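Right, one structure below, let's go through it.
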Amino acid sequence: MSRLSMSSSSVNEMHPGYGGPSDHPSHGRTGTKSPFRGFMRKRSSDHLMSSVPLQQQEYEIQPLATSHLETPNTISHSSEHAYPALSHARVHDTSRTGSLRYITSSVSSRFTSSFTSQRVYNSQQTDSRKHHDDAQTMDPSKRLSFYERYYTTGLDKGFIKRGRRFDWLSRGAIITAAMLLFIMAGVIGGAIGGALARKSQHAPSSSTPAGSPGNPPSPTSPVRAALIDNFPDPDLAFHDGVYYAFATNNAAGVLDRAENVSTYDYGVSNVQIATSINFLNWTLLNSTHDPLKEVGSWATPGLTEKAPQIPKANVWAPSVIQRASDDKWVMYYAATKWNASVPVTENGHLHPPPHCIGAAVSHGTSPAGPYDPVKGSLACRIDDGGVIDAAAFRDKDDSLYVAYKVDGNNVGHGGSCGNTKAPIVATPIMLQKMQADGVTKAGDAVQILDRIKDDGPLVEAPALLRSAEGVYFLFFSSGCTRSPSYDLKYATSKNVTGSYVRAGKALLETGNWGLLAPGSASVLDDGKGGWKMAFHARVAVPDGKVRAMFTTGLKLSGHIASLIRDDGGAA
C-alpha cells in the first residue's frame, strides 16, 4: 500500500469498532450500523440479549441515578443511530413483550453512576478523536501538509496527522538527499574545473627552499628570487606594460632529479614563458602558452621514446626582439639538428646531439607569440660541436645583431663540461649582423670573444647592450653550469664588433648573496636611464637541483657594471 494512501481495512485495524466509511453517520445513509457495533456484539454476550438479533433491537439508555448522570456526558437513544448501551443503564427492547430491567443495588448506585459517567466521557473522547482523524482522512481541506505528506510517517500508512515523525526513507527525504548530492557534485565539479582552468594558465611553482636568497634575502640585497622553478637561460622583453621572460625547456639540466616527482608539464614546452607587471612578482605560464609550438623543419622532430617523453628538438636559450618594419617579434632559439652526425668520444660514448640556431616570427605584435618558425637555420657549425645561446641586440642605428656561442666543448675530450682535458677545444662567441627582417643574415659572423685559461672549459651565454655613454657591454658566463665554478662576467668595447676588454672581476659568482653557480644573464633597458637583469642560479628543490630565475638592477658607469637593488616598476 502506498505510504500516502489508506483503505477502510486499515482504519478497521486501527479502530476495530469502525465498520468502514460506509458505516459512518456522516455519509447520511439510513440503515447504517452503529460504529460501535463490534463493542455492542461483545457486550451482547449477556444471556438476556443473546436470544434477540441485534439488528432487531432498540435501546434506550436511562440513568439509574439522575443525580449523578445528568451531566453533559448523559446519553439518550431512541433510534437506530444511537450509541450502544453501557453497563448499569436501563435497556428497553421494544421488539419484545414486556421489558427487562437491570437495577443495581442502592448501596452501589452512587459509585456505579460515577464510574459510568467516566466511561461515557472516555468513550466520547475516543469517538471524538476517531471522528477527527476520520475527518482528516476523508476531508480534502484537512489533508496533510507538504512536509507531513512527503517527509513523515505515522502510526499507520494513512493520512492521520497524530503521531507522525520524520522518516529518512520517505520519498521527500530521498529526493531531497539526491538533489543535495547533485548540487554538491556540481559545486565540487565547478571547483575542480576552476582549479583545472587556473592550472592550465599557470604552471606549478615550487616553494622557496631553505638557503635560497628569497625575495629579497635582506633589505640591502640587490638580488631577488623571481621563479624557484627550472627556468634556465632567461631572456627579457617589455611590451605594453608587461615584462616577459622566456627560457629553455624545463627538462633541461636538472641535476639529481628524483624519480618519484611529478611530471606535470615536464619538458612539454619548447620554450617557457613567464610574465610580470612590476618585475618583482612573476607568473610562470603553463605549456599551453608555449610561444614556439613548432620548430623549424631542420630541427629533430618527435618525442623521446623513454618516459617522460619530451621533444627531441631540446630547445635552448630563446631570445626575442621586435623589428621596426612591422612591429612583429623575432625569436631566436637553438634546437638539435635533424640527422646530424654525432662524433664518438675517446671512451666510446656519443657526444650530445649538436644544436643549430633558427628563427621564428610572431603572428602579431605581442612578444608572447605564437611564433611561426623559419624553414632554414641561421647557423649550425656541426663539425665544431654546434651553436647555442642566441642573444638578440639592437644597436643605436636600429641595426639588428645576433650573438651566439660555438659549442666546442660538446666535442671536447673530457673533464668538466667535456672540455678540461687536452687538447682544449675553442668555444668562441660570435656576432652575426641581420637584415631588417631579422631572419636574413647580412654578411658573415665575426668572433668577439673566446675562452681563456681562467674561464675553465668554456665561455657562453652572451648578452649585449650599449650604455648611454656609448660603451658596449658584453656579459657572458664561464666555468661549468653543473658546478660552482659557473659565474657571470663582462667585457666592454667602444665598437659592437670589438675588441672587448674583460673586467677585472666577475659580476656574480658562487657565494654572492647566497647564490650557487649564477650566470646566463639577459639585460633590458628600463626606459629611465637604468637597466634590469635576469639570470639563473642553482637551487635545490624537491624536484632536484634546478636553475631558478633571479632578478636585479644594473648600474653602468663608464666601463664598470654593478648590481643595484630594483624595487620594481614599469620600464
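Coordinate-derived values only; no laboratory data. These numbers were taken from a predicted model, which means no experiment stands behind them. Cβ atoms come from the backbone with ideal geometry, glycine included; neighbour counts cover every protein chain shown.
Rg/Rh for region 202-564 stands at 0.93; both radii use Cα atoms, and Rh follows the Kirkwood definition. Close amide H contacts of residue 226 (hydrogens built in the peptide plane, cut-off under 5 Å, sequence separation of 5 or more or a different chain): 549, 550, 551. Qualifying GluC sites (Glu not before Pro) in region 215-307, where qualification requires a DSSP coil assignment and no more than 11 other C-beta atoms within 10 Å, comprise 259, 305. Looking at the square roots a ≥ b ≥ c of the eigenvalues of the Cα gyration tensor of region 314-394, which shape do they give, rounded for a/c under 1.5, prolate if a/b is larger than b/c, or oblate? Because a/c hits 1.5 or more and a/b exceeds b/c, region 314-394 counts as prolate.
Amide H to amide H distances under 5 Å link residue 328 with 323, where only residues 5 or more positions off or on other chains count and H is placed in the peptide plane.
Summary of packing: across the peptides 281-289, 166-174, 529-537, the per-residue average of other C-beta atoms within 10 Å ranks them, highest first, as 529-537, 281-289, 166-174. Size descriptors for region 527-571: radius of gyration and Dmax over Cα atoms are 13.8, 43 Å. Above 15 Å, the calculated P(r) of region 235-306 contains 63 percent of its Cα-Cα pairs.
The mean of 1/r over all pairs of different alpha-carbon atoms in region 233-368, once inverted, gives a Kirkwood hydrodynamic radius of 16.3 Å. Past the 19 Å Cα-Cα mark, which pairs from 505/545; 433/528; 405/489; 405/528; 489/555; 312/405? Listed pairs above 19 Å: 505/545; 433/528; 405/528; 312/405.
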